[in-house]
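Right, one structure below, let's go through it.
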Amino acid sequence: KQGINAEYGDEEDNFSGESEEGSEGEDEEFEDVQSSQDEAEDYDVHFDAEEEAEELRKFRQACDHEQFPDELDTPIDIPARVRFQKYRGLKSFRTSPWDAKENLPRDYSRISQIANFRNIRKHLLKPVDRQVPSGAFVHVFIENVPVAIKDSSRGSVVIFTLLEYEQRMSVQHVLQQRHVLSEAVVKSKEQLLVQVGFRRYVVSPIFSQHTKSDKHKMERFMPNSGTFMASFYAPITLTDSPAMIFKMEGDGTVSLLSTGAVHSCDPDRIICKRIVLSGHPCKVHKRSAVVRYLFYNREDIAYFK
């Protein structure tokens, strides 16, 4: 009634309606302040200074890498020929030769390699004569099932089988794209949860660019845009199964980082970690330049010359 009277211009009712609405607004604002105070108290209780410092350090490194990709300052206390002894100079990142079997880790002696991944996939996935049509209802009889599994199952049971070679370990590459709602800073070799088809692994993937070259540049952080490749040790997957990468939070929950599909299983895929030594040019001539703070002793200059 007060609202109707206010519309028709009753001053008394209009005044009373405004005062009541104002009081309701004050109560709502007070409730919001109380909820924000409770959240702040919870944040103070569960605050982890080391975790916050680590996240801040990764965020700053990601910003520096985005602004100055692959650039690195030469250390003063360590000789450059010792610090970068595992690197080699390449005239061209695309055309310079690189042996895929050179300096392999010991884990490579225990993994399997498929000579032609696409042909094997077509051979194993070709249709057979006796095949159950998709969507048909069938009866499946399984022998020697433990009673504990029957008691623990609350709903549906998923039955799957492995193709040939899918029980062997290899280097799996999944093509990924960052999820639109993901804003976390994820570093390469960070422990993540990967869901590939019906199988789930806890791995430390290496991110790299997806190009047609024989060498692929490693990404120090998960890219925020475009497609990229994530490589890790995992059982072989021959089908184009969907693949998702999750980040494991401290409270036991997971957050989705990226989605994609299985690309291949190839241990010979070359992933190169690229660095660019930076300095300060002090004199620039027509065909030469004098750069300071690039090397700090004569031995390093002769080593990288």
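Checking each residue in segment 162-210 for being out of contact with any Phe, Trp or Tyr (no Cβ under 9 Å at 6 or more places or on another chain) and open to solvent by less than 30 Å² (accessible area, probe 1.4 Å) picks out Glu166, Ser182, Val196.
With respect to (1) open to solvent by 100 Å² or more (accessible area, probe 1.4 Å); (2) under 30 Å from Arg274 (Cβ atoms); (3) in contact (Cβ under 8 Å) with a residue 12 or more places away in the chain; (4) of a type outside the set (S, T, N, Q), the lone exception for Ile159 is condition (2).
Okay, residues lined up against (1) open to solvent by 80 Å² or more (accessible area, probe 1.4 Å); (2) among the polar types (S, T, N, Q); (3) out of contact with any Phe, Trp or Tyr (no Cβ under 8 Å at 6 or more places or on another chain):
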residue	(1), (2), (3)
Ala234	no, no, no
Pro242	yes, no, yes
Lys247	no, no, yes
Ser255	no, yes, no
Thr259	no, yes, yes
Pro267	no, no, no
Cys272	no, no, no
Gly279	no, no, no
Tyr293	yes, no, yes
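Of the residues making up segment 283-305, those that are without any contact (Cβ under 8 Å) to a residue 40 or more places away in the chain and not in a loop (DSSP other than H, G, I, E, B) number 9. Number of residues in segment 66-94 that are under 26 Å from His216 (Cβ atoms) and of a type in the set (A, V, I, L, M, F, W, C): the value is 6. In segment 65-74 there is no residue matching the filter, namely being at pLDDT 80 or above, within 30 Å of Cys265 (Cα to Cα) and assigned to a helix (DSSP H, G or I). Residues that are within 18 Å of Phe160 (Cα to Cα) and in contact (Cβ under 8 Å) with a residue 60 or more places away in the chain were ranked within segment 117-135; the one that is surrounded by the most Cβ atoms within 10 Å (Cβ to Cβ) is Arg121. If only residues of segment 162-186 that are of a type in the set (Val, Ile, Thr) and touching a residue at least 60 places away in the same chain (Cβ under 8 Å) are counted, the one that is nearest to Ala243 (Cα to Cα) is Val174.
Within segment 95-112, being open to solvent by 90 Å² or more (accessible area, probe 1.4 Å) and under 27 Å from the mean Cα position of the chain (by Cα) holds for Lys101, Asn103, Arg106, Ser109, Arg110. Here Thr161 fits the description: at pLDDT below 85 and among the β-branched types (Val, Ile, Thr).
Residue pairs whose Cβ atoms lie under 8 Å apart, sitting 6 or more positions apart in sequence or on different chains, and linking a residue in segment 87-102 that is under 12 Å from Ile270 (Cα atoms) and modelled with pLDDT of 85 or more to a partner that is open to solvent by 70 Å² or more (accessible area, probe 1.4 Å) and acidic (Asp, Glu), are Trp98/Asp214. Lys189 meets each of the listed conditions (1) in a strand (DSSP E or B); (2) free of Cβ contacts under 8 Å to residues at least 24 places away in the same chain; (3) not polar (S, T, N, Q) apart from (1). Of the residues examined, Glu219 is one that is under 22 Å from Phe93 (Cα atoms), open to solvent by less than 40 Å² (accessible area, probe 1.4 Å) and touching a residue at least 24 places away in the same chain (Cβ under 8 Å).
Do we have any residue at all in segment 66-87 that's within 26 Å of the chain's Cα centre (by Cα), under 19 Å from Tyr293 (Cα atoms) and of a type in the set (Asp, Glu)?
Checking segment 66-87: at least one residue is within 26 Å of the chain's Cα centre (by Cα), under 19 Å from Tyr293 (Cα atoms) and of a type in the set (Asp, Glu).
For Ala53, the conditions (1) touching a residue at least 12 places away in the same chain (Cβ under 8 Å); (2) in a helix (DSSP H, G or I); (3) open to solvent by less than 70 Å² (accessible area, probe 1.4 Å) are fulfilled apart from (1).
The values are calculated or read from the model by the stated rules, or taken from the named source; none is laboratory data. A quick note: this is a predicted structure, and the numbers were derived from the prediction, not measured. For neighbour counting, all protein chains shown are included, and Cβ atoms are generated from backbone atoms with ideal geometry for every residue, glycine included. With ligands, DNA and RNA removed, areas are computed over all heavy atoms of the protein, side chains included. Shrake-Rupley method; radii C 1.70, N 1.55, O 1.52, S 1.80 Å.
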